[in-house]
Each structure stands twice: as structure tokens, then as C-alpha cells.
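Undergrad: Can you keep this structure in mind? I'll have questions shortly.
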Amino acid sequence: MEAFFDTRPRVERPIRTTGLDGVQGVGALSAEACRACHPAIYDEWRSSIHSQAWIDPQLQGELEKSDNRWLCLSCHTPLLVQHDRWPRGLVDGDVERPIVSANPRFDPALREEGITCTACHLLGDRIGGPGIAQGQAPHPVAVDPRFRSGELCLSCHQASAIYEGKSFICVFDTGREWREGPYDDEGQTCVDCHMPPIERPVGLTGPPRQVRRHWWRGAGIPKIEGRYPPAEANVPGLGLSAEAQGAALSLTLSNANAGHLLPTGDPERWIQIDVTFTDASGGTVGSPFQHRIGQIWEWSTPPRKRSDNRLAPREVRRLSVAIPAGASQASIEASSHRISEDNAGYHGLDGYPRSVGTHHLEVALSPP
Ligand code: HEC
Ligand code: HEC
Ligand code: HEC
Ligand code: HEC
Ligand code: HEC
């Protein structure tokens, strides 16, 4: 049965584990087992989107609508034991017509953990890491440079697959965007920005060492209210300033802080700048101005990218907005969006957090 996966590309292949008993000295594959000795890391991971990669309401909404769900699982629930069923083959090679069997080793509680600790840290029958332990770990440790280099992240964040005759594709290009930008050359990896350093013991005891937070905060939009890393876990990618220059308001936007395109990842995400003008009595004057930064796709067969005006790392973009007559104040707001109201409605996602405000500037305009 598992032989099927050997015929498939890496993005479709889940991680096979030797048994449900997990790693020697730990006894299970679950994050709950790691928690006993790494509670601070557990709490951070639990607030992260990685721990919600299965329970994500949007993923659940999308899975209901397609027979291609097995294609999604190698990144969202990477261990094979997290899958309730698995394909043995495909009817006519069609990825939407898998021949499935029940997985006798399926662990439902582990599936809830999404991208769990062992999805990243299991290396055969040992625990892989950056090489911090000093012989005190109760479990076997394997030092692997992929943890620091960002290479581990790329196994899911740099992946693409084209499915001929289908209206969906798999495009995660964050790794390439980073490689082509300045940060890779300067030695700054995904880990440097998304896992900020902190001094603390690796386990429950032992001397404090420089280790890393397990937060991976992105654009700042939670999946579930109250379960998201704090603001200090990352900064917004966008840089924004504004000043009046004669009859125009001059806006300077930049990808100040993201090591890849802004926004990156899911093609539906976008950033929006809204400008409104008011007069001395606070009433709105002129028409509001809006600028959208993102991609637009047409989900035809095959899918087509219609436009893409995302900001490359450190790219600066200047916009000029005419100031309407009578305006005495400009209000500029930037926000980050995950999904449009229409698409959220289509997936039945009422109350799903869809956006977050990131910047708010007020500019006083001198009277004419
Ligand atoms: C998405 C992948 C990923 C997941 C999931 C993950 N880790 Fe890590 N972990 C890393 C990376 C990358 C490093 C290396 C950080 C560094 O360079 O110091 C690391 C480092 C560590 C370290 C070494 C100390 C430190 O913080 O650097 C420990 C211990 C650890 N992880 C435990 C865990 C536990 C326990 C969980 C689950 C609660 C977990 N990890 C989940 C990627 C992951
Ligand atoms: C019984 C306690 C205990 C349990 C359970 C445990 N660990 Fe550890 N682990 C430790 C200790 C202690 C160290 C640090 C040892 C040292 O400083 O020499 C460590 C070190 C590590 C490291 C650092 C490796 C390196 O050198 O970079 C990683 C990664 C790690 N653990 C991950 C995990 C994961 C994932 C789990 C769950 C599958 C887990 N641990 C379960 C106690 C435990
Ligand atoms: C096993 C696959 C996998 C690995 C390895 C992995 N990620 Fe992810 N990552 C995902 C998935 C899947 C999501 C989105 C889950 C969702 O939204 O349902 C995600 C989401 C994220 C987010 C967005 C969080 C947000 O706020 O929306 C960031 C940032 C991120 N990952 C960074 C990293 C970094 C840095 C590494 C390497 C240390 C890494 N990831 C390793 C699969 C992975
Ligand atoms: C120089 C710092 C930096 C580096 C390097 C970096 N990132 Fe980011 N990343 C950010 C910032 C800042 C954001 C928040 C962007 C925003 O405001 O939308 C972000 C956002 C993300 C998101 C979330 C997208 C979203 O819309 O929520 C993902 C996923 C991500 N990064 C993955 C990665 C991966 C994978 C790498 C390595 C290939 C990486 N990042 C390298 C700073 C960085
Ligand atoms: C190659 C690994 C991979 C595969 C396969 C994959 N995903 Fe993801 N998925 C990711 C990563 C990485 C992210 C985070 C991207 C980001 O937000 O930057 C993500 C994010 C998501 C999100 C959250 C989007 C958002 O804006 O918050 C949903 C929903 C999702 N994936 C659904 C699916 C579905 C449905 C499938 C199968 C058709 C699938 N994924 C297959 C890696 C994968």
C-alpha cells in the first residue's frame, strides 16, 4: 500500500514512522509527550499556525469540496499515521479519483496536532536538532544543519506541482523568493526572522542557552481568535509613510521587513492601503483612494495568474494621490487580508478572522 507513495513527487509523500510508540526515551509521537520536558516550546508551538494546520477552518472547508484531499495532507498533517485513509492508486492516473483504503495505524488525536513536533524533528528513530544539546537529552539526538539554514522550512514552503486538466495547482514559492532576494546572501534565514532568539534552558533544567521561539508568526491574522503568537513574535512586512506635497499626498510603501515577496504564500492573500480625506469639521471629502498589493488568479482549467504587483524584498513603491478641495486631514490605513468575504462565504466560514489592521497614519494638510 505504502508503495504508491514511492511513485509520487516529494510534495505528495507523507513521512513514514516505524511505529506508534515513537522515539526511544519519549514513548510517543505526540507533542504532548515532548511537553513534559519542553513546556515553553510547547506553549509557543500551540499558539502557532503550524499546530492548527489541520483544524484550520478554511482547510476543512476546502477539503469537504474535493476528492483531491490526499494531496493536501503531506504538508498539513505530514506523518502518515495522521491520515485516516490513504490512496493505493489512482483511477486512470487521475489525482481526483484515488483508490483509498483505511489506514490501520491512523491516530486521530495526533492528526489534530497538524504540524506537530515530530513532523519537523523526527529523523529516522532519532530527534534532529540544530546541535544545542550537550549530552543530557533522554532521547537520541541527531545534529542536522537544515534546522538553522532554513532548508527544513523549504520542504513545505517551496513546493509546486502542476496537475494537468485541473483547475487547481500547488504553488508555494516563498523559498525561491527568499533565495532571489538580498537576505539569503546576507545570511538571514527563515529561522532568524520567524523564530526569534531567547536565553533559556533547552529542557526543564540545565543552563540557559540561546534557543529559539517556536512561533512562526506571519501576517498577524489568527485562524482561531485567541490562539496566535503575540505581536512581539514578528513585525509587519510593510513600511509606510505619507506626506503632503503641494496638491498631492505622497505615499511611500515598501517591503521593509519580509525576506520574500509581500505578501507571500497563499495566492489569495493581499495587503490594502486605504486613504480618506476629511475637512475641518470632520466630514469626508472627495472619493476614497485604495491600493491593493497581491495576486489575482483566474481559477480556470488550467489556472491562470492575471496579475501580480507584490513587493520584492526591500522594494520601494511611491504613489501620489490628488488631495480633494477642502480637505484638511488625510487618514491612511493599511491592512492585511487572507480571504475575500465572498470566498469565505463560499466555504461557510462565518466569523473566520479574515484581516488585520497594521498601520494607521494621520497627516494634517495645510490650508490652500
Ligand atoms: C516547523 C518545524 C518545527 C516544529 C513543528 C517544531 N520545531 Fe523545534 N525546532 C525547529 C527548528 C528550525 C529549530 C532550530 C532553531 C535554532 O536554530 O536554534 C528547532 C529547535 C528546537 C529545540 C532546540 C532548542 C531551540 O529552541 O533551539 C528543541 C528542544 C525543540 N525544537 C523542540 C520542539 C518541540 C518540543 C516541538 C513541539 C512542541 C517543536 N520543537 C516543534 C523546528 C520545529
Ligand atoms: C524526559 C524529558 C524529555 C522529553 C520527553 C523530550 N525531551 Fe527533548 N530534550 C530533553 C533535554 C533535557 C534536552 C537537552 C539536553 C542537553 O542540554 O544536553 C533535550 C534536547 C532536545 C533537542 C535539541 C537537540 C539538539 O541538539 O539540537 C530537541 C530538538 C528536542 N529535545 C526535541 C524533543 C522532541 C521533539 C520531543 C518529543 C518528541 C522531546 N524532545 C521530548 C528532554 C526531553
Ligand atoms: C511540514 C510542512 C511545513 C514545514 C516543515 C514548515 N511549515 Fe510553515 N506552514 C506550513 C503550513 C501547511 C502552514 C499553513 C497552515 C494553515 O494556514 O492551515 C504554514 C504556515 C507558516 C507561517 C504562517 C503563519 C501565519 O501567521 O499565518 C509561517 C510564518 C511559517 N509557516 C514559517 C515556517 C518556517 C520559518 C519554517 C521552518 C522552520 C516552516 N514554516 C516549516 C507547513 C510547513
Ligand atoms: C528578513 C526577515 C524574514 C525572512 C528572512 C523570512 N521572512 Fe517570512 N515573513 C517576514 C515578515 C516580516 C512577515 C510578515 C509579512 C506581512 O506583514 O504580511 C513574513 C511572513 C511570512 C509568511 C506568512 C504569510 C502570510 O500572509 O501570513 C510565511 C508563510 C513566511 N513568512 C515564511 C517564510 C519562510 C518559509 C522563509 C524562508 C524561506 C521566510 N519566511 C523568511 C519576515 C521574514
Ligand atoms: C507543499 C505543501 C502543501 C500542500 C501539498 C498543501 N498545502 Fe496548504 N499550505 C501550505 C503552506 C506552506 C501554507 C502557508 C502559506 C502561507 O500562508 O504563506 C498553506 C496554507 C493553506 C491554507 C491557509 C491559507 C491562508 O491564507 O491562511 C489553506 C486553507 C490550505 N493551505 C489548504 C490546502 C488544501 C485544500 C490543499 C490541498 C488541495 C493544500 N493546502 C495543500 C502548504 C501546503
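Undergrad: P(r) tail for segment 235-364, what percent of Cα pairs lie past 21 Å?
TA: Numbers: 4041 of 8385 pairs.
Counting pairs separated by more than 21 Å, the tail of P(r) holds 48 percent.
Undergrad: Out of residues 5 or more away from Cys72 or on other chains, whose amide H comes under 5 Å of its own, with H placed 1.01 Å from N in the peptide plane?
TA: none
Undergrad: So, one more: How big is the Kirkwood radius of segment 169-244, worked out from every pair of different alpha carbons and given in Å to one decimal?
TA: It is 15.3 Å.
Undergrad: Output the antiparallel fraction of DSSP beta bridges having both residues in the chain, as a percent to the nearest 5.
TA: In the chain, DSSP labels about 95 percent of beta bridges as antiparallel.
Undergrad: Ordered by residue, what ³J(HN,Hα) values in Hz, to whole numbers, does segment 47-59 give under the Karplus form 6.51 cos²θ - 1.76 cosθ + 1.60, where θ = phi - 60° and Gly and Pro are x?
TA: Result, ordered by residue: 6, 7, 5, 4, 6, 10, 5, 9, 6, 2, x, 6, 4 Hz.
Undergrad: May I ask you to work out the translational diffusion coefficient for the chain at 10 °C, viscosity 1.306 mPa s, via Stokes-Einstein with Rh from the Kirkwood sum over Cα pairs, reported in whole µm²/s?
TA: D = 69 µm²/s.
Undergrad: Given H placed 1.01 Å from N in the peptide plane, which residues other than close sequence neighbours of Gly203 have an amide H under 5 Å from its amide H?
TA: Residues meeting the criterion, in which the H sits 1.01 Å from N, do not exist here.
Undergrad: Full extension from Trp297 to Ile99: what is 0.36 nm times the residue separation minus their Cα-Cα distance, to one decimal in nm?
TA: 68.2 nm
Undergrad: Can you work out the accessible area per residue across the chain, with the rest of the protein chains kept in place, probe 1.4 Å, in square angstrom?
TA: Ligands and nucleic acids excluded, the result is 50 Å² per residue.
Undergrad: Project the alpha carbons of segment 133-269 onto their principal axes and report the range along each, largest first, in whole Å.
TA: The principal-axis extents, from largest down, are 67, 47, 37 Å.
Undergrad: Listed highest first by mean packing, meaning other Cβ atoms within 10 Å per residue, what order do 348-361, 141-154 come in?
TA: On the way: 348-361: 14.8, 141-154: 17.3.
The most tightly packed comes first, giving 141-154, 348-361.
Undergrad: Residue by residue through segment 6-13, which ³J(HN,Hα) values in whole Hz follow from phi under the Karplus form 6.51 cos²θ - 1.76 cosθ + 1.60 (θ = phi - 60°), with glycine and proline marked x?
TA: Karplus values, whole Hz, x for Gly and Pro: 5, 8, 9, x, 3, 5, 9, 9.
Undergrad: How high is the relative contact order of the chain, in percent, counting Cα pairs under 8 Å that sit 6 or more residues apart?
TA: 14 percent
Undergrad: Right, here's the next one. Considering only C-alpha atoms, what is the centroid distance from segment 309-323 to segment 194-251, in Å?
TA: Each part's Cα centre sits 23 Å from the other's.
Undergrad: Sequence-distant or interchain residues sharing an amide H contact under 5 Å with Thr17, placed H: which?
TA: Amide H neighbours of Thr17: Leu80, Val81.
Undergrad: Checking the cross-link filter: which lysines have an alpha carbon closer than 16 Å to that of Lys65, excluding same-chain neighbours under 8 positions apart?
TA: Lys166
Undergrad: Give me the percent of accessible area attributable to carbon and sulfur for segment 235-364, probe 1.4 angstrom.
TA: Carbon plus sulfur share of accessible area: 48 percent.
Undergrad: Could you check how many percent of all C-alpha pairs in segment 250-307 are farther apart than 19 Å?
TA: Tail fraction, whole percent: 51.
Undergrad: While we're looking at this one, here's another question. Spelling out what I want: for every residue of segment 28-34, take phi, set θ = phi - 60°, compute 6.51 cos²θ - 1.76 cosθ + 1.60 (Karplus), and round to whole Hz; glycine and proline get x.
TA: In residue order, the calculated couplings are 7, 8, 7, 4, 4, 6, 6 Hz.
Undergrad: Any idea what log10 I(q)/I(0) is at q = 0.16 Å⁻¹ for segment 3-212, Debye with uniform C-alpha scatterers and no solvent?
TA: Result of the Debye calculation: -1.20.
Undergrad: Normalised by the residues of segment 235-364, what does the relative contact order come to in percent, with Cα pairs under 8 Å and at least six apart?
TA: 29 percent
Undergrad: A further question on this structure: When you take every Cα atom in segment 297-368, what is the radius of gyration, and what is Dmax, the widest Cα pair distance, in Å?
TA: 18.0, 54
The values are calculated or read from the model by the stated rules, or taken from the named source; none is laboratory data. All values reported here derive from a predicted model rather than from experimental measurement. Here Cβ is always computed from backbone atoms with ideal geometry, including for glycine, and neighbour counts include all displayed protein chains. With ligands, DNA and RNA removed, areas are computed over all heavy atoms of the protein, side chains included. Shrake-Rupley method; radii C 1.70, N 1.55, O 1.52, S 1.80 Å.
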